[in-house]
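Below you'll find the structure, written out as structure tokens, and then a few comments.
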Amino acid sequence: MNSVKIISKILFYITRFMAVLYFAMSLHSIIALSTKWSLNIKDNGKYFQVCFPFTNKPFLLGEYYTEYIIFYFLVPISLYGLFFLLVSNVFKVFFQPKLFTEYGVKQLKWFYLGNLILPSLTALITSIFTKVEDPTEILILLHFVLGIFAYFLAAIFRQGLNLQKEQDLFI
């Protein structure tokens, strides 16, 4: 069990860093696109480049029209920030002193709900404004499968928590 705690702690820090990175990219992109700071417009306004702060070196590229910016640029980056935050919270569960806790069940619940609901809801809202592309449908399916797996894991944790509570009553 000690190796699980070590690996989960390492993965917690990696995924928490990724969450911060994605949220920072979202915030920087919103600032760049709304103020034109750190932003290059290319090909007569057809494409944009969000540059690293205080440089002219681009690191995020996209098509410069509203539907693309919102639904294929800002929303996915922000939602993957949320995804990595939820994943990091799940990894945090595995290096706590007690494995089966209300906190663990709650974090798994947030993770499976996020994976089951958010991708489909986002695609549905996106489809109102623009066509949903094929790679998006594959990602929705992958998140759905991940959400189902996390649901079963949460059910196991819930059962473990109930057994642990019963055991505590006997002592």
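Residue-wise, which Karplus ³J(HN,Hα) couplings in Hz belong to region 41-49, taking 6.51 cos²θ - 1.76 cosθ + 1.60, θ = phi - 60°, and x for glycine or proline?
Values per residue, Gly and Pro as x: 9, 10, 6, 6, x, 7, 10, 10, 10 Hz.
Among rounded, prolate and oblate, which fits region 2-170 when a ≥ b ≥ c are the square roots of the eigenvalues of its C-alpha gyration tensor, a/c under 1.5 means rounded, and a/b larger than b/c means prolate?
Taking the square roots of the gyration eigenvalues as a ≥ b ≥ c, region 2-170 is prolate.
From the backbone phi of region 63-72, what are the Karplus-calculated ³J(HN,Hα) couplings (6.51 cos²θ - 1.76 cosθ + 1.60, θ = phi - 60°) in whole Hz, Gly and Pro given as x?
So the J values, rounded to whole Hz, are 7, 9, 9, 4, 4, 5, 4, 6, 8, 10.
Taking the Cα centre of the chain as origin, sum charge times position over the Cβ atoms of Lys and Arg (+1) and Asp and Glu (-1), and report the length of that vector in debye to the nearest 20.
With only Lys, Arg, Asp and Glu charged at Cβ, the dipole is about 540 debye.
Kindly list the residues of region 39-78 that lie in the label zone of Ile125, defined by a backbone N under 11 Å from the point 7 Å along the Cα-to-C-beta vector.
Residues passing the 11 Å test: 71, 75-76.
As an exercise, take the mean of 1/r over every pair of distinct alpha carbons in region 74-171, invert it, and state the Kirkwood radius in angstroms.
Numbers: mean 1/r = 0.0675 Å⁻¹.
With all distinct Cα pairs of region 74-171 included, I get 14.8 Å.
Which FRET efficiency value, to the nearest 0.05, is calculated for Ile31 and Asn162 with the Förster distance at 41 angstrom and r the Cβ-Cβ distance?
My answer for the efficiency is 0.30.
Dimensions of region 1-94 along principal axes (Cα, Å, largest first)?
58, 27, 18
Each label point is 7 Å from the Cα along the Cα-to-Cβ direction; what then is the distance between the points at Phe149 and Lys109, in nm?
A separation of 2.3 nm, rounded to one decimal place.
Considering lysine pairs in region 2-170 that are 8 or more places apart or on different chains, how many have Cα atoms under 23 Å apart?
Total qualifying Lys-Lys pairs in region 2-170 comes to 22.
Bear in mind these aren't lab numbers, they're just calculated from the coordinates by the rules spelled out. Treat the numbers as computed from the prediction; the structure is a model and nothing was measured. Neighbour counts are summed over all protein chains in view; Cβ atoms, including those assigned to glycine, are modelled from backbone coordinates with ideal geometry.
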